[in-house]
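J.: Attaching a single structure in structure tokens format; questions to follow.
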Amino acid sequence: MRRHLIQKLLIIPFVLGFYGCASLLFYPDRTIRLTPDALGLNYEDVNLSTPDDIKLHGWFLSAQGQPRGTIFFLHGNAQNISTHIFSVAWLTEIGYQVFLLDYRGYGLSEGSPGLPEVLTDVAAGFNWLVTDSRVSTRPVFLLGQSLGANLAAYFAGANPAVRRQLSGIVLDAPFASYSDITREKLAQIPLTWLFQYPLSRLMPDEYSPIRNIADISPVSLVIICSETDDIVPASHSIKLFEAAGAPKALWITQGPHIATFGQEQNRQRLLFFLEAHVR
């Protein structure tokens, strides 16, 4: 009797936490651990505001030499742009400008993260980017990793005007739906195994990329997954790839979660994709 009571008491925080709580998807860090100049990069601090008056911060990294295009980079659910910069800093050497944005609550951005609010942040960042004179005459690509890949996919799929301004989209380690990934994580914990289905249904699945990834077509789409990713299984990328419209490609790699561009062969493959769409 006492054992059952303890189990019920322990599960209360999970029920309260998951009830409508998309904020559990986000693990922001406000500490800026380095700035791009520490990596020898030329950059500009970008400060902008959302329609709901949240001030956001990002970095615009200048390309070395004549810019070939621009990458709008959306990072994963933890830390901030000062740690995720390593995934994209190398692109500046090849002639690509990169815009990294911290969602609300991350780094120097105000507010607290949640869905759908962070999609408002993505839209504000995109609108700033495509109206900048350094960008407007060159190809623009959307690159997201993990949660950032989910945000990128849903944002592009839900906005025809955005798709018309994109030359390509790259999703690295996305998950098909918020409820699916929540259920899988709950199933790994003995305490929450029995509650994986009811609790996962409380996640905001209406913003999951599986719902509108088909609408990204005809923008060229690349989905990347690692067979050895122990955070987001490759099955999520395969499911999204099957639901997406052409033109599309699925790259199956090896290595840890979102460590993709630490490997030279993956960098070269991304560059080949970008160069094929530079016009």
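J.: How about region 182-279: which helices (runs of 4 or more DSSP H) wholly inside it have at least 1 residues that are at pLDDT 95 or above, out of contact with any Ser or Thr (no Cβ under 6 Å at 6 or more places or on another chain) and under 22 Å from Leu166 (Cβ atoms)? Break it down into steps so the answer makes sense when it comes.
T.: Numbers: elements: 196-200, 234-243, 264-276.
Filter on region 182-279 gives 234-243, 264-276.
J.: Considering only residues that are within 15 Å of Leu108 (Cα to Cα) and surrounded by fewer than 21 Cβ atoms within 10 Å (Cβ to Cβ), which ones fall in region 58-85?
T.: Ala78, Gln79, Thr83
J.: So, one more: Among the residues of region 23-33, are any buried (at least 19 other Cβ atoms within 10 Å of the Cβ), modelled with pLDDT of 55 or more and touching a strand residue (DSSP E or B) at 6+ places or on another chain (Cβ under 7 Å)?
T.: For region 23-33, residues buried (at least 19 other Cβ atoms within 10 Å of the Cβ), modelled with pLDDT of 55 or more and touching a strand residue (DSSP E or B) at 6+ places or on another chain (Cβ under 7 Å): absent.
J.: Also: Which one of Ser177, Ser167, Ser109 is modelled with pLDDT of 95 or more and farther than 19 Å from Ile81 by Cβ?
T.: Values: Ser177 fails: modelled with pLDDT of 95 or more; Ser109 fails: farther than 19 Å from Ile81 by Cβ.
Ser167 is the lone residue from the list that is modelled with pLDDT of 95 or more and farther than 19 Å from Ile81 by Cβ.
J.: Give region 130-154 a look and list any residue that's surrounded by fewer than 24 Cβ atoms within 10 Å (Cβ to Cβ) and not in a loop (DSSP other than H, G, I, E, B), or say none.
T.: Of everything in region 130-154, those that are surrounded by fewer than 24 Cβ atoms within 10 Å (Cβ to Cβ) and not in a loop (DSSP other than H, G, I, E, B) turn out to be Val130, Val140.
J.: Within region 226-238, track down each residue that is surrounded by fewer than 24 Cβ atoms within 10 Å (Cβ to Cβ) and either in contact with a Phe, Trp or Tyr (Cβ under 9 Å, 6 or more places away or on another chain) or of a type in the set (A, V, I, L, M) (or both).
T.: Scanning region 226-238 gives Ile231, Pro233, Ala234, Ile238.
The values are calculated or read from the model by the stated rules, or taken from the named source; none is laboratory data. Fair warning: this is a prediction, and the values are worked out from it, not measured in the lab. Methodologically, a virtual Cβ is constructed for each residue, glycine included, from the backbone with ideal geometry; neighbour enumeration extends over all protein chains shown.
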